[in-house]
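Worksheet: the structure to be examined is printed underneath.
The values are calculated or read from the model by the stated rules, or taken from the named source; none is laboratory data. All of these numbers come straight from a predicted model, not from anything done at the bench. Reconstructed Cβ throughout: ideal geometry from the backbone, glycine too, with neighbour counts over all protein chains shown. SASA here: full protein model, heavy atoms, side chains in, ligands and nucleic acids out. Shrake-Rupley method; radii C 1.70, N 1.55, O 1.52, S 1.80 Å.
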Amino acid sequence: MRDLVEIGMGRTARRAYDLDDIEIVPSRRTRSSAAVSTSWKIDAYQFDLPLVTHPTDAIVSPGTAVSVGELGGLGVLNAEGLWARHANVEEAMFRLIRAAEDTPDDPTALVRVLQELHAAPIRTDLITEAIKTVRESGVTVAARVSPQHAAELTPDLLAAGVEILVVQGTIISAEHVVRDREPLDLKDFIGRLDVPVIAGGVGDYRTAMHLMRTGAAGVIVGHGYSAGVTSTDRVLGIGVPMATAIIDAAAARRDYLDETGGRYVHVLADGGVNSSGDIAKAVACGADAVMLGAPLAAAAEAPGQGLYWTAAAAHPSLPRSRVAAGPDYEVDLKTLLFGPSSDAEGAVNLFGALRRAMAKTGYSDLKEFQRVGLTVRR
């Protein structure tokens with residue numbers, strides 16, 4: 001039964017929970033972390049880590065996409081970002097860093113710089129060159145497009161070598177309605193492609209089920225929320241309590257699996273994942289992988305050099321993300337993911353900690369760990 005509360009006369013709302021509200025319950029069995037697997041597979045592509053990068057220029061350059069791939073995750077380029085618009089991205093990044101130094105008390109200054117940089121047109125030759133760098137390394141090539149530009153950009157992205165397409169907006173539906181042109185019908189769009197498509201974000205069972213029925217290989221839950229950065233709830237009044245949202249999407253996955261007689265759609269958690277403990281909780285709630293953004297801003301390889309933002313920060317008329325300073329420390333990407341760590345807050349050795357959480361509760365792989373017991377703290 002749904003946990004409904006009355007919020008006024010004749011109006012009820014469902015009680016929902018964030019990752020901070022839940023804890024993982026130990027079981028009667030433990031195992032060695034060496035006997036734990038964190039691998040997962042989407043379509044024909046196998047990964048050692050349940051890590052997909054949030055597609056922002058702050059953390060993903062062609063070079064870092066390669067590094068993430070070589071370490072076992074999936075780096076996703078933003079095909080509408082700076083690498084698609086500017087031949088000299090280092091100069092563009094320098095403008096942002098300088099603005100951060102010159103106007104430390106005016107966060108809107110950095111958003112204005114991002115908006116100006118994104119006013120430049122998307123150039124096919126530039127994004128093709130960026131994709132080529134990733135493709136030639138031998139790692140899986142993934143790129144993100146918005147629903148608004150998916151139809152026009154995808155043919156060039158596939159021709160350049162993209163192997164996994166991510167169609168991502170703040171909120172996405174099975175049919176994106178636009179003025180003065182044909183709407184994006186995701187079912188028709190995905191059905192005409194030969195590559196797996198990951199689509200989102202969503203925050204409820206029904207929308208997740210609708211996206212699964214389009215033929216998407218993966219569904220993104222959330223809108224990239226990170227404390228101090230994303231302000232979608234403040235700007236649009238839309239918020240996603242992530243624990244409940246992931247569990248609901250996992251329920252849709254289970255029902256869709258029954259409906260189709262065995263087609264499994266992956267659930268990716270994008271938002272509210274700020275520490276290694278949050279990664280473990282997201283998987284425990286039913287996520288097959290997490291999309292990490294702000295936690296990777298501490299990587300020495302991150303092009304934002306400590307700054308972090310989401311793609312929504314560059315919206316020309318209604319930005320829904322701030323440009324924020326990341327952690328006051330810097331560590332190489334491999335150490336950030338695998339340690340060793342002297343940090344006691346879950347910010348370093350992110351996936352070593354996931355392995356330890358799985359081992360401490362006795363589970364040997366990610367799908368098993370999705371069945372771990374949970375408790376609510378309040």
So for the chain, averaging the separation of alpha carbon pairs under 8 Å that are six or more residues apart and normalising by length, what relative contact order in percent results?
23 percent
Just to confirm a number: summing +1 for Lys and Arg and -1 for Asp and Glu over residues other than ARG355 whose beta-carbon lies under 14 angstrom from that of ARG355, what do you get?
0
Solvent-accessible area of SER341 with every protein chain in place, 1.4 Å probe, in Å² to the nearest 10:
50 Å²
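Arrange the residues LYS132, LYS334 by how much accessible surface each exposes, largest first, with a 1.4 angstrom probe.
LYS334, LYS132
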Across 10 Å bins from the origin, how do the percents of Cα pairs in the stretch 247-378 run, short distances first?
12, 34, 31, 20, 4
Could you pull out the longest piece of the chain with no exposed loop GluC sites (Glu not before Pro) in it, calling a site exposed if DSSP puts it outside H, G, I, E, B and it has at most 15 other Cβ atoms within 10 Å?
1-329
Net charge near ARG28 (other residues with Cβ under 15 Å of its Cβ; Lys, Arg +1; Asp, Glu -1) is +3
Taking the Cα centre of the chain as the origin, how large is its charge dipole in debye, to the nearest 20, when only Lys and Arg (+1) and Asp and Glu (-1) carry charge on their Cβ atoms?
1240 debye
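Across the chain, how many lysine pairs, 8 or more positions apart or on different chains, have C-alpha atoms separated by under 21 Å? Please give the number.
Lysine pairs, 8 or more places apart or on different chains, close enough: 4.
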Charged-residue dipole, Cβ positions (Lys, Arg, Asp, Glu), the stretch 1-102 about Cα centre, Debye nearest 20
580 debye
Accessible area per residue of the chain at 1.4 Å probe, in Å²?
45 Å²
For the full complex of protein chains and a 1.4 angstrom probe, list ARG11, ARG29 by accessible area with the highest value first.
ARG11, ARG29
Using eta = 1.002 mPa s and T = 20 °C, Stokes-Einstein with Kirkwood Rh from Cα pairs puts D for the stretch 1-144, in µm² s⁻¹, at 112 µm²/s
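From Cα pairs below 8 angstrom and at least 6 apart in sequence, can you work out the relative contact order of the stretch 1-160, rounded to a whole percent?
Computed over the stretch 1-160, the figure is 19 percent.
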Considering only protein heavy atoms, what is the solvent-accessible area of TYR17 at a probe of 1.4 Å, reported in Å² to the nearest 10?
50 Å²
Given a 1.4 angstrom probe, I'd like the percentage of the accessible area of the chain that is carbon and sulfur, rounded to a whole number.
48 percent
With point charges of +1 on the Cβ of Lys and Arg and -1 on the Cβ of Asp and Glu, referenced to the Cα centre of the chain, which listed residue (GLN46, ALA324, ILE7) lies farthest in the positive direction of the dipole?
ILE7
Just to be sure I understand: of the beta bridges DSSP finds with both ends in the chain, what percent are antiparallel, rounded to 5?
35 percent
Percent relative contact order for the stretch 298-361, counting Cα pairs under 8 Å at least six residues apart, stands at 26 percent
Alpha-carbon Rg with Dmax, taken over the chain, Å:
19.9, 61
